[in-house]
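Where a number appears in this text, it was derived from the coordinates with a stated rule and is not lab data. No experiment lies behind these values; they were computed from the predicted model shown. Virtual Cβ from ideal backbone geometry, glycine too; neighbours counted across all protein chains shown.
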Amino acid sequence: MDSITHFALGACLGELIATKRIGKKSLLLGAITQSIPDGDFVFSLWMDPSSNVLAHRGFTHSFLFGLLATGLLAWIFHRWVRVPKGSYKFWILFFGIQIFSHILLDAFNAYGTGWFEPFSQYRVSFHTLFVVDPLFSISLCAAAMVLSATTLAYKNRTRWATGGILVSIIYLGYGLFNKSQIERVSKANSFGNVDVRQYFSSPTPFNTWLWFVVVDTDSGCYVGYRSVFDKKPTIDFQYFQRQDSLSYFVNDQDVLNRLKRFSQGYYTMEQKGDTLIFNDLRFGQSVGWKNPRDEFVFHYYLQPNLDNRLVLQRGRLAGWDWPATKAFMARIKGNQ
């Protein structure tokens with residue numbers, strides 16, 4: 001999830017776990033601790049972009065890192081911060097809940113998290129929440145602001161913290177329910193004699209009503225959109241050929257192999273003019289609900305050696321003008 005959501009969640013958890021012992025400092029400490037796994041952004045300072053996309057949400061989002069970070073931070077704070085008796089267990093609880101809740105929450109996005117690194121390179125992704133979803137975050141942010149603005153004498157602090165977290169959990173459950181409905185329809189779609197290898201559904205930006213569906217086959221991928229309010233029993237898919245033959249023209253095969261591993265098999269390659277492009281389909285299209293053949297958000301320039309440092313940001317909101325926004329809202333409402 002985005003940094004603001006993690007800050008707010010950390011503050012709410014800090015209130016529930018530690019405010020009675022360390023006062024309102026628990027809010028700030030909770031927000032900071034929630035952000036620790038995302039410290040892997042520093043890797044981008046010396047890694048090339050193809051290596052960095054694998055490093056992000058890699059080891060720092062693993063169970064092993066969670067255990068090591070929790071133990072180290074608990075030892076440091078037990079040694080240097082004075083709290084009542086039994087403080088080591090208290091700090092284990094505080095840091096453990098903060099760090100592992102971050103690791104768990106990020107697995108609901110499309111990016112994927114390396115829960116099992118360094119023992120396995122498998123990335124866990126439940127494809128349930130867009131990385132920025134105001135409907136998931138608003139209750140947490142509201143609760144965090146109230147907790148920051150009120151004194152310890154305010155009687156409803158616990159209710160605000162609990163309510164903020166509970167509303168987000170309910171919304172997550174609603175997203176999981178919507179996803180199950182989308183996948184039920186996806187499975188019912190027929191592709192004739194085409195061998196379907198894998199498929200996924202992922203929410204489009206800022207909501208859990210309109211979903212992006214990708215079906216992977218031997219030669220390419222079928223891409224479509226499905227709203228929970230759609231009445232049609234089928235999904236209108238567009239086919240994108242994988243074009244693996246373009247791999248032979250890539251000078252740096254190590255970069256290509258890293259991108260393929262990162263994409264988990266959901267990729268295509270294409271030649272645009274003199275530029276060879278790698279598309280990771282898991283992050284959707286810029287405005288695909290308006291233009292079914294639109295470019296994909298994650299497009300990496302293989303050749304020539306162009307700037308790929310903002311590979312995940314440059315296409316995320318590209319083309320989001322007012323007509324695209326109106327088309328987006330209309331598509332959420334569903335078709336007949």
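The range 78-109 and the range 169-216 have Cα centres spaced 34 Å apart.
Placing +1 on each Lys and Arg Cβ and -1 on each Asp and Glu Cβ, with no other charges, gives the range 130-251 a dipole about its Cα centre of roughly 640 debye. Once the C-beta distance of W320 and D48 is scaled by a Förster radius of 35 Å, the resulting FRET efficiency is 0.75 to the nearest 0.05. Label point of N291 set 7 angstrom out along Cα-Cβ; within the range 305-324, amide nitrogens under 17 Å from it belong to 314-324.
Across all C-alpha atoms in the chain, the radius of gyration and Dmax reach 21.9, 68 Å.
Annotation: peptides 214-224, 1-11, 278-288, 73-83, ranked by per-residue average of other Cβ atoms within 10 Å with the highest first, follow the order 278-288, 1-11, 214-224, 73-83. Given the DSSP H assignment, sum -39500 (n - 2.57) over each helix run of at least 4 residues in the chain and divide by its residue total; what's the result at 222 nm in deg cm²/dmol, nearest 500? Value at 222 nm, helices only, nearest 500: -14500 deg cm²/dmol. Each peptide in 264-270, 29-35 receives the mean, over its residues, of other Cβ atoms within 10 Å, and ordering these scores from highest gives 29-35, 264-270. Quick one: of K89/K155; K187/K260; K231/K326; K231/K260, which pairs are farther than 29 Å apart, Cα to Cα? Flagged as over cut-off: K231/K260.
In this simple spin-label model, placing a label point 7 Å from the Cα along the Cα-to-Cβ direction at both S3 and N156 gives a separation of 3.1 nm.
Note on the range 3-175: with charges restricted to the Cβ of Lys and Arg (+1) and Asp and Glu (-1), its dipole about the Cα centre is near 1060 debye. Have a look at L147, I169, S247 and report the one farthest towards the positive end of the charge dipole of the chain, computed about the Cα centre with Cβ charges (Lys/Arg +1, Asp/Glu -1). Farthest along the dipole direction, towards plus: L147.
Relative to the current alpha-carbon distance between Q198 and F177, full extension at 0.36 nm per residue lengthens the span by 5.5 nm. Go ahead and run the numbers for FRET between F100 and S219, Cβ-Cβ distance against an R0 of 45 Å, rounding to 0.05. That pair, F100 with S219, gives E of 0.65.
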